[in-house]
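Each remark here refers to the structure printed beneath this line.
The values are calculated or read from the model by the stated rules, or taken from the named source; none is laboratory data. In this text the structure is predicted, and so the values were computed from the model without any measurement. Cβ placement follows ideal geometry from the backbone for every residue including glycine, while neighbour counts extend to all protein chains displayed.
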Amino acid sequence: MNKAITDGLVLMPPPFSAGLNQWSSANGLPGDASYSGAPNAALVTNDQDFAGCLELQKTSSTQKLRAFAETPLRPDMYIRVSARVKAVSGNLPAVRIAAWAGNLGGANVGSVPQTASSVQLTSYGEVVTVQAIIGAGNRTGVDLVWGLQPVFAHVGLDLTGPTGGVVRIDDIVVEDVTEVFLRDMVDVVDVRDYGAVGNGSTNDFAAFQAADAAAAGRTILVSAGSYLISGNLTVNAPIRFIGTVTQPAANRMVLTRNFDLDTYAAAYGNDEEGFRRALQALFYFSDHVTFDMSGRRVDLTGPVDVADVSGLSSFSTRRILRNGSINAVASSNWNTTTVTSVATYATANSTRLTAVANVANVPVGALVSGTGVGREVYVKSKNVGAGTIELSQPLYGAAGTRTYTFKRFKYLLDFSGFSVLSLFEMHAIEFNCLGLCSGVMMPLAGSVNRFDSCTFNRPMDRGITSTGSGCQGLLLDYCQFLSNEQALDAQNRTTIALNVQANDAKIRNNRIVRFRHFAVMNGTSHMIYNNHFFQGDDATAGVRVAGLVFTQTNVATVVQGNYVDNCFIEWGNEHDPEPAFSNEFSFGGLNLIGNIFIASDVSSAFRWIVIKPYGAGHFLNGFTLVNNTFRVFSATVDRVEALDTSFATLDFSRSRDVLVEGNTFNQVNQRIANPIVTDHSQNTEAATWTVDASAYIPFGGRIRMVESVQPTSNITNAAGVVRYTMPNALAGQGAGGDHVSLRWGEAVKGSAVVRMRMDVPA
């Protein structure tokens with residue numbers, strides 16, 4: 001590349017034959033003295049070595065020669081200034097190339113070197129060539145490194161040493177030698193050509209900006225070196241790193257044309273730092289909503305606190321992390337922090353612990369356990385001065401003062417530092433916890449965050465954890481959760497795939513393998529579709545644990561088309577500070593539709609659907625179990641459903657809107673239904689027929705209503721006379737209220753189909 005040709009730049013100063021008034025004995029500035037008429041300078045036209053030259057006698061300690069003409073400079077250009085010189089008589093001086101550096105304002109840039117190394121003349125008549133290269137970049141072979149400020153030069157030379165000597169100087173030559181320094185003159189712009197030093201301590205921020213501004217579609221090359229970038233840098237041109245970058249933690253670098261893990265890892269020298277820095281940039285970069293991990297794996301030696309990395313506490317613009325694997329590497333940074341403390345709980349302030357001993361040591365985000373504490377209750381915040389802790393959910397039975405245990409798990413990606421984070425998505429990410437750590441902790445608040453086609457491989461404690469409302473509207477699609485406890489019997493496992501604290505989760509098309517629980521879900525209006533969650537083991541007549549756990553009464557949730565494999569659905573109210581019924585919504589709104597329920601090698605006591613009230617007085621007020629299939633392999637179970645009365649039972653005298661029909665039962669001893677349709681045969685005359693429906697009533701409830709009685713044979717009295725009468729039907733008879741009495745008014749016999757219900761319409 002030759003700028004004199006391509007850009008029409010005039011680099012050469014005029015020849016001496018054009019007149020010595022073109023040459024200064026000072027700096028070449030307007031008003032400086034020229035050599036025209038000077039007694040120590042003359043033109044020589046007949047020198048045997050030079051076609052035309054300047055003969056100059058040295059009369060001062062530093063005899064200057066500078067062109068009045070301005071030689072233009074550009075930051076992407078290198079010029080070579082050269083001159084041929086020979087001594088004629090007198091003392092032998094030293095010679096050096098020199099130039100006066102001028103900025104845009106015409107002032108001298110005194111901070112840059114303006115004289116090159118001297119060459120000593122040692123004999124008369126010997127032609128010596130002196131030269132120096134001037135350029136912006138600190139590159140090997142550049143004699144005068146000028147950076148970005150100088151834009152022109154008055155070129156020339158100096159004679160130093162003893163005075164009195166006479167020398168002859170051939171015309172000074174200025175050449176563009178940029179091609180010597182640039183590898184690819186069409187495609188590459190090197191940051192060193194724009195003043196970058198790359199010594200790890202000089203701030204090269206301005207040089208990167210200048211290179212980016214000059215690139216004009218070409219690729220920026222960051223050649224070997226360590227470049228300190230102090231400042232927030234955005235690079236709009238394509239960029240390639242051979243050297244590396246260091247930056248203060250608060251500064252970010254946005255690479256708009258190379259926003260991928262490969263480039264960031266190369267820029268910062270390793271995958272982990274590159275990953276953190278790219279995440280940081282993702283929250284500030286408006287041109288890209290997606291950070292692509294390039295299908296590569298990142299090894300993490302500790303949790304990534306995403307809020308701390310980004311420097312933000314709130315963000316609600318859609319961003320996506322996609323296409324890669326995040327891998328935990330053994331380190332003490334993953335160790336769970338465990339704190340035990342005494343605290344006081346009162347139901348009047350249902351999500352607060354007070355008088356917490358050593359509250360400063362309790363980590364925010366810790367799981368809370370203790371007597372009367374439900375599952376998946378976390379520390380949302382703490383006030384050290386007040387000695388209080390705010391909880392993610394109320395405690396069902398912890399009133400008073402007692403001891404609690406707080407466990408803070410460590411997560412590959414921890415978003416808990418965000419007070420609000422919405423619309424953040426993770427696509428096709430493999431979270432390789434490898435039994436060392438957990439997967440993802442959600443932000444404290446936010447909505448419509450999403451996981452799509454992700455894999456959570458062997459989390460130590462949790463796959464996805466929510467400690468607040470950051471799971472509001474959670475979208476979880478096509479993900480796979482693989483337990484770290486697959487070899488353990490089901491009852492001995494402790495890991496949980498995910499929990500939900502808020503409303504409106506959409507959990508669809510996921511596969512979950514051998515966790516303690518698939519999901520512990522508070523909130524309402526969830527949609528759980530087409531998931532396969534299996535939690536069996538290899539034990540004979542093995543114990544099974546809950547797959548889905550609902551922790552409040554009115555869930556308004558649809559569970560449809562799932563494969564519920566060797567686990568059960570548990571429905572309780574363990575996150576209620578006063579779990580007894582008190583004029584609130586009771587157990588209602590759960591719709592189990594079209595699911596496949598299987599179990600293998602279990603005891604006959606196993607059940608797939610369990611209701612567990614934590615306080616008295618509750619009742620069913622809307623429950624649907626339709627078109628499901630129940631099947632047992634290598635065993636037989638008694639029934640499909642159960643009421644866990646560990647704390648309380650249900651009030652079946654208040655059941656409303658229960659629909660159980662269209663289900664298929666295989667290797668199940670007793671089918672259930674509501675309404676219950678039974679064919680009763682009365683073989684001996686009786687005025688009152690007693691119809692026993694107890695075995696068929698879901699959850700051991702009572703009969704509240706008889707819808708119809710339809711005789712299926714002649715109803716005859718003791719004399720064999722057919723009676724055309726209808727009985728009075730009384731529901732809720734017997735000690736358990738699970739019988740119906742048909743009163744005919746006289747003793748009769750025969751058969752009838754009786755349709756009865758455990759509920760009444762709302």
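Determine which single condition Pro14 fails, assuming it passes every other condition in (1) farther than 24 Å from Gly125 by Cα; (2) not in a loop (DSSP other than H, G, I, E, B).
(2)
Output the number of residues of the stretch 356-376 satisfying the condition of being over 33 Å from the mean Cα position of the chain (by Cα) and either over 22 Å from Tyr396 (Cβ atoms) or surrounded by fewer than 14 Cβ atoms within 10 Å (Cβ to Cβ) (or both).
Residues in the stretch 356-376 being over 33 Å from the mean Cα position of the chain (by Cα) and either over 22 Å from Tyr396 (Cβ atoms) or surrounded by fewer than 14 Cβ atoms within 10 Å (Cβ to Cβ) (or both): 2 in total.
Restricting attention to strands (runs of 3 or more DSSP E) lying wholly within the stretch 52-114, give those where 3 or more residues are touching a helix residue (DSSP H, G or I) at 6+ places or on another chain (Cβ under 9 Å) and modelled with pLDDT of 95 or more.
none
Select from the stretch 283-316 the residues that are in a loop (DSSP other than H, G, I, E, B) and more than 25 Å from Ala330 (Cβ to Cβ) and list them in ascending order. Outline the logic, then answer.
Of the residues in the stretch 283-316, the ones in a loop (DSSP other than H, G, I, E, B) are 283-289, 301-303, 311-313, 316.
Passing the criteria: Phe283, Tyr284, Phe285, Ser286, Asp287, His288, Val289, Gly311, Leu312, Ser313, Ser316.
Any residue in the stretch 192-204 that is buried (at least 18 other Cβ atoms within 10 Å of the Cβ), modelled with pLDDT of 95 or more and within 19 Å of Ser24 (Cβ to Cβ)?
Scanning the stretch 192-204 turns up no residue that is buried (at least 18 other Cβ atoms within 10 Å of the Cβ), modelled with pLDDT of 95 or more and within 19 Å of Ser24 (Cβ to Cβ).
Search the stretch 547-562 for residues being surrounded by fewer than 23 Cβ atoms within 10 Å (Cβ to Cβ) and either in contact with a Phe, Trp or Tyr (Cβ under 6 Å, 6 or more places away or on another chain) or in contact (Cβ under 8 Å) with a residue 60 or more places away in the chain (or both), and hand back the single one that is nearest to Asn503 (Cα to Cα).
In this case the residue turns out to be Asn554.
Please work out which residue is farthest from Asn199 (Cα to Cα), limiting yourself to the stretch 135-169 and to residues that are of a type in the set (Ser, Thr, Tyr) and modelled with pLDDT of 95 or more.
Taking the stretch 135-169 as the starting set, the residues that turn out to be of a type in the set (Ser, Thr, Tyr) are 140, 160, 163.
Checking which are modelled with pLDDT of 95 or more leaves us with 160, 163.
On the way: Thr160: 34, Thr163: 42 Å.
For the stretch 135-169, the residue satisfying everything is Thr163.
Mind listing whichever residues of the stretch 260-279 are over 14 Å from Arg240 (Cβ atoms) and of a type in the set (A, V, I, L, M, F, W, C)?
Within the stretch 260-279, Leu261, Phe275, Ala278, Leu279 meet the criteria.
Does the stretch 554-572 include one or more residues that are out of contact with any Ser or Thr (no Cβ under 9 Å at 6 or more places or on another chain), of a type in the set (Ser, Thr, Tyr) and not in a strand (DSSP E or B)?
no
Out of the residues in the stretch 249-275 that are part of a helix (DSSP H, G or I) and touching a Leu at 6+ places or on another chain (Cβ under 9 Å), state the one that is surrounded by the fewest Cβ atoms within 10 Å (Cβ to Cβ).
Glu272
For the list (1) surrounded by fewer than 21 Cβ atoms within 10 Å (Cβ to Cβ); (2) outside any strand (DSSP E or B); (3) in contact (Cβ under 8 Å) with a residue 60 or more places away in the chain, I need the number of the one condition that Arg402 fails.
(2)
For the stretch 337-349: of the residues being buried (at least 16 other Cβ atoms within 10 Å of the Cβ) and of a type outside the set (A, V, I, L, M, F, W, C), which is nearest to Pro394 (Cα to Cα)?
The qualifying residue nearest to Pro394 (Cα to Cα) is Tyr345.
Go through (1) over 30 Å from Pro248 (Cα atoms); (2) surrounded by 20 or more Cβ atoms within 10 Å (Cβ to Cβ); (3) in contact (Cβ under 8 Å) with a residue 40 or more places away in the chain and name the single condition Ala116 misses.
For Ala116, the failing item is (3).
Based on what the data block shows, is Val173 closer than 15 Å to Tyr78 by Cβ, out of contact with any strand residue (DSSP E or B) (no Cβ under 7 Å at 6 or more places or on another chain) and among the hydrophobic types (A, V, I, L, M, F, W, C)? Working first, answer last.
On the way: closer than 15 Å to Tyr78 by Cβ: yes; out of contact with any strand residue (DSSP E or B) (no Cβ under 7 Å at 6 or more places or on another chain): no; among the hydrophobic types (A, V, I, L, M, F, W, C): yes.
For Val173, the condition - closer than 15 Å to Tyr78 by Cβ, out of contact with any strand residue (DSSP E or B) (no Cβ under 7 Å at 6 or more places or on another chain) and among the hydrophobic types (A, V, I, L, M, F, W, C) - is not met.
For residues that are in a helix (DSSP H, G or I) and touching a Lys or Arg at 6+ places or on another chain (Cβ under 8 Å), scanning just the stretch 649-662, find the one that is nearest to Trp571 (Cα to Cα).
Phe652
Quick one: count up the residues across the stretch 169-187 that are of a type outside the set (Phe, Trp, Tyr), in contact (Cβ under 8 Å) with a residue 40 or more places away in the chain and not in a helix (DSSP H, G or I).
Adding up the residues that qualify gives 11.
Look at Ala580 and say whether it is touching a residue at least 40 places away in the same chain (Cβ under 8 Å) and either among the aromatic types (Phe, Trp, Tyr) or under 17 Å from Val610 (Cα atoms) (or both).
So Ala580 does not fit the description; no.
Inspect all residues belonging to the stretch 119-134 and state whether any of them is within 20 Å of Ala211 (Cβ to Cβ), outside the structural domain of Thr219 (by TED's automatic domain parsing), out of contact with any His (no Cβ under 9 Å at 6 or more places or on another chain) and at pLDDT below 95.
no
Among Ala616, Ala605, which is the only one that is without any contact (Cβ under 8 Å) to a residue 60 or more places away in the chain, part of a loop (DSSP other than H, G, I, E, B) and under 15 Å from Arg654 (Cβ atoms)?
On inspection, the qualifying residue turns out to be Ala616.
Test Ser646 against the stated conditions and say whether it is surrounded by fewer than 16 Cβ atoms within 10 Å (Cβ to Cβ), in contact with a Lys or Arg (Cβ under 8 Å, 6 or more places away or on another chain), modelled with pLDDT of 95 or more and among the hydroxyl-bearing types (Ser, Thr, Tyr). Before you say what the answer is, go through the steps one by one.
Working: surrounded by fewer than 16 Cβ atoms within 10 Å (Cβ to Cβ): yes; in contact with a Lys or Arg (Cβ under 8 Å, 6 or more places away or on another chain): yes; modelled with pLDDT of 95 or more: yes; among the hydroxyl-bearing types (Ser, Thr, Tyr): yes.
Answer is yes for this residue.
Checking the conditions here, which among Ala211, Ala196 is free of Cβ contacts under 8 Å to residues at least 60 places away in the same chain and outside any helix (DSSP H, G or I)?
Just one listed residue meets the conditions, Ala196.
Given the criteria assigned to a loop (DSSP other than H, G, I, E, B) and at pLDDT 95 or above, does Ser230 qualify?
yes
Output the number of the condition that Asp692 fails; it satisfies all remaining conditions of (1) in the same structural domain as Cys567 (by TED's automatic domain parsing); (2) in contact (Cβ under 8 Å) with a residue 40 or more places away in the chain; (3) of a type in the set (Asp, Glu).
All conditions pass for Asp692, except number (1).
Quick one: Asp262 ticks every box in (1) closer than 24 Å to Phe409 by Cβ; (2) free of Cβ contacts under 8 Å to residues at least 60 places away in the same chain; (3) charged (D, E, K, R) bar one, so which box is it?
Going through the list (1) closer than 24 Å to Phe409 by Cβ; (2) free of Cβ contacts under 8 Å to residues at least 60 places away in the same chain; (3) charged (D, E, K, R), Asp262 breaks only (1).
Which of the following residues is within 21 Å of the chain's Cα centre (by Cα), part of a strand (DSSP E or B) and crowded, with 24+ Cβ neighbours inside 10 Å: Ile528, Ile507, Ile512?
After applying the criteria, what remains is Ile507.
Taking the options Phe665, Phe699, name whichever one is in a strand (DSSP E or B) and either at pLDDT 95 or above or surrounded by fewer than 16 Cβ atoms within 10 Å (Cβ to Cβ) (or both).
Phe665
Going residue by residue through the stretch 646-657, is there one that turns out to be of a type in the set (A, V, I, L, M), in contact with a Gly (Cβ under 8 Å, 6 or more places away or on another chain) and farther than 13 Å from Ser586 by Cα?
Yes.
Check whether at least one residue in the stretch 365-386 is more than 30 Å from Thr263 (Cα to Cα), at pLDDT 95 or above and of a type in the set (Asp, Glu), and report yes or no.
First, the residues of the stretch 365-386 that are more than 30 Å from Thr263 (Cα to Cα): 365-386.
Right, trim to at pLDDT 95 or above and you get 365-386.
Subset that is of a type in the set (Asp, Glu): 376.
So far as the stretch 365-386 goes, yes, one or more of its residues are more than 30 Å from Thr263 (Cα to Cα), at pLDDT 95 or above and of a type in the set (Asp, Glu).
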